[in-house]
Amino acid sequence: MPKFTPQQLDELYHQTLAEFAASPEKWTSFLDTAARLYKYDFKSQVLIWSQRPDATACASLELWNEKMNCWVNRGAKGIALLDTENSYTRLKYV
């Protein structure tokens, strides 16, 4: 996956929503992914599906390594999400 800017991720989000409106099959595929990733908000679920429709579990690198004792392989590609917890928007990877 290429590196994204917050503006590119926002555009990807809107493009994916347009794809959902045009194709019931893509919407159904998204719902399958969203059911597995229910702890994420809708926008994050859409971004996860648009980058990796086959994703089954997503978590931060720290969570995988420290709490789940599952080590992420060097060179593994992350899924970019928008982090809006602070007053500014930045990217976070899962």
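The values are calculated or read from the model by the stated rules, or taken from the named source; none is laboratory data. Please read all numbers here as calculations on a predicted model, not as lab measurements. Every residue, glycine among them, receives a Cβ derived from its backbone with ideal geometry; neighbour counts consider all protein chains shown. For the accessible areas, the whole protein counts, side chains as well, though only heavy atoms, and no ligand, DNA or RNA atoms are used. Shrake-Rupley method; radii C 1.70, N 1.55, O 1.52, S 1.80 Å.
For the reader, a short list of remarks on this structure follows.
- Taking amide H as placed 1.01 Å from N in the peptide plane, the amide H of residue 79 sits under 5 Å from that of 94, each at least 5 places away or on another chain.
- Nonlocal Lys pairs with alpha-carbon distance under 15 Å, the chain (8 or more apart, or different chains): 4
- Karplus-based coupling profile of the stretch 32-46, in residue order and whole Hz: 4, 5, 5, 5, 7, 10, 5, 7, 8, 6, 4, 4, 5, 4, 5, with θ = phi - 60° in 6.51 cos²θ - 1.76 cosθ + 1.60 and x standing for Gly or Pro.
- Helical content of the chain, expressed as a calculated mean residue ellipticity at 222 nm, amounts to -13500 deg cm²/dmol (DSSP H runs of 4 or more residues, -39,500 (n - 2.57) each, divided by residue number, nearest 500).
- Across the stretch 8-20, computed HN-Hα scalar couplings (Karplus, 6.51 cos²θ - 1.76 cosθ + 1.60, θ = phi - 60°) run 5, 5, 5, 5, 4, 4, 5, 5, 5, 4, 5, 5, 4 Hz from first to last residue, x flagging Gly and Pro.
- Stokes-Einstein D for the stretch 30-85, Kirkwood Rh over Cα pairs, 10 °C, 1.306 mPa s (µm²/s): 131
- Whole-percent carbon and sulfur share, accessible surface of the chain, 1.4 Å: 53
- Cut-off 15 Å between beta-carbons: net charge of the residues surrounding residue 77, Lys and Arg +1, Asp and Glu -1: +3
- Most mobile listed residue (84, 16, 56) in the chain, GNM with C-alpha springs under 10 Å: 84
- For residue 91, the residues 5 or more places off, or on other chains, whose built amide H falls under 5 Å of its own are 83.
- Cβ-placed point charges (K, R +1; D, E -1), dipole of the chain about Cα centre in debye, nearest 20: 280
- Extended-chain gain in nm, criterion 0.36 nm per residue less alpha-carbon gap, residue 88 and residue 71: 3.1 nm
- Hydrodynamic radius (Kirkwood) for the chain, which is based on Cα pairs only, to one decimal in Å: 14.1
- Sorted on the mean count of surrounding Cβ atoms within 10 Å across their residues, most packed first, peptides 25-35, 70-80 read 25-35, 70-80.
- Karplus-derived HN-Hα couplings along the stretch 84-93 (A = 6.51, B = -1.76, C = 1.60, θ = phi - 60°), whole Hz, x at Gly and Pro: 10, 5, 8, 6, 10, 9, 9, 9, 10, 10
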